[in-house]
Amino acid sequence: MRRIVVYVAGPYRSPTESGVFDNIMRARAIAIELWRPGIAVICPHLNTAFFGGSQPDSVWFDGDLEIILRCDALVTVPNWERSEGTKAEVAHAKRNGIPVFHHTHEFLNWAFRSRAA
């Protein structure tokens, strides 16, 4: 059986390194919650943690948009609406027919129904 792959979308940038760390940890918590029942999770916050400045932000963002296209769904981190990048990721997923979920329980219900189908 093919495993469902989900992308975790939420704020990353912050004016401070401690703010970036907090954003990474919030996304990490969602990723762990989704890995527990066997979902394969892409958490870009961890993929490029503290890479800031090594490439233009567009490199990471364009890569993330490509990764979204290879996922079955997208789940947002609470307060995702405060992030322009996350809003663009959500819009990109929707434009490409990728389901977007704002609550992990809603995603998990969908994922387990999809597995059974």
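The values are calculated or read from the model by the stated rules, or taken from the named source; none is laboratory data. Bear in mind that the values here come from a model prediction, so they are computed numbers and not experimental data. Cβ placement follows ideal geometry from the backbone for every residue including glycine, while neighbour counts extend to all protein chains displayed.
What number of residues in region 57-97 are of a type in the set (A, V, I, L, M, F, W, C) and touching a residue at least 60 places away in the same chain (Cβ under 8 Å)? Give the steps one after another, and end with the answer.
Narrowing region 57-97 to residues of a type in the set (A, V, I, L, M, F, W, C): 59-61, 65, 67-69, 71, 73-75, 77, 80, 88, 90-91, 93.
Applying the additional criterion that residues be touching a residue at least 60 places away in the same chain (Cβ under 8 Å) yields 67-68, 71, 73-75, 77, 80, 90, 93.
Number of matching residues: 10.
Out of all the residues in region 1-28, which are loosely packed, with under 14 Cβ neighbours inside 10 Å and of a type in the set (A, V, I, L, M)?
Met1, Met25
Within region 61-70, how many residues are modelled with pLDDT of 95 or more and either β-branched (Val, Ile, Thr) or surrounded by 20 or more Cβ atoms within 10 Å (Cβ to Cβ) (or both)? Please lay out each step first, then the result.
Step one: filter region 61-70 for residues modelled with pLDDT of 95 or more, giving 68-70.
Pick out the ones that are also either β-branched (Val, Ile, Thr) or surrounded by 20 or more Cβ atoms within 10 Å (Cβ to Cβ) (or both) and you get 68.
Qualifying residue count, region 61-70: 1.
Take region 25-60 and flag every residue that is among the aliphatic types (A, V, I, L, M), modelled with pLDDT of 90 or more and part of a helix (DSSP H, G or I).
In the first step, residues of region 25-60 are kept if they are among the aliphatic types (A, V, I, L, M); the result is 25, 27, 29-32, 34, 39-42, 46, 49, 59.
This time we only want the ones that are modelled with pLDDT of 90 or more, so: 25, 27, 29-32, 34, 39-42.
The answer is Met25, Ala27, Ala29, Ile30, Ala31, Ile32, Leu34.
When you scan region 1-12, do you find a residue that is closer than 24 Å to Trp110 by Cβ, of a type in the set (Phe, Trp, Tyr), modelled with pLDDT of 90 or more and in contact with a helix residue (DSSP H, G or I) (Cβ under 6 Å, 6 or more places away or on another chain), even just one? Spell out the reasoning first.
Initially, region 1-12 is screened for residues closer than 24 Å to Trp110 by Cβ, giving 1-11.
Narrowing the set further to residues that are of a type in the set (Phe, Trp, Tyr) leaves 7.
Those left that are additionally modelled with pLDDT of 90 or more: 7.
Now drop any that are not in contact with a helix residue (DSSP H, G or I) (Cβ under 6 Å, 6 or more places away or on another chain), which leaves 7.
Among the residues of region 1-12, at least one is closer than 24 Å to Trp110 by Cβ, of a type in the set (Phe, Trp, Tyr), modelled with pLDDT of 90 or more and in contact with a helix residue (DSSP H, G or I) (Cβ under 6 Å, 6 or more places away or on another chain), which makes the answer yes.
When residues of region 1-24 are filtered for being under 10 Å from the mean Cα position of the chain (by Cα), in a strand (DSSP E or B) and either more than 17 Å from Asn79 (Cβ to Cβ) or not small (Gly, Ala, Ser) (or both), how many remain?
The total comes to 3.
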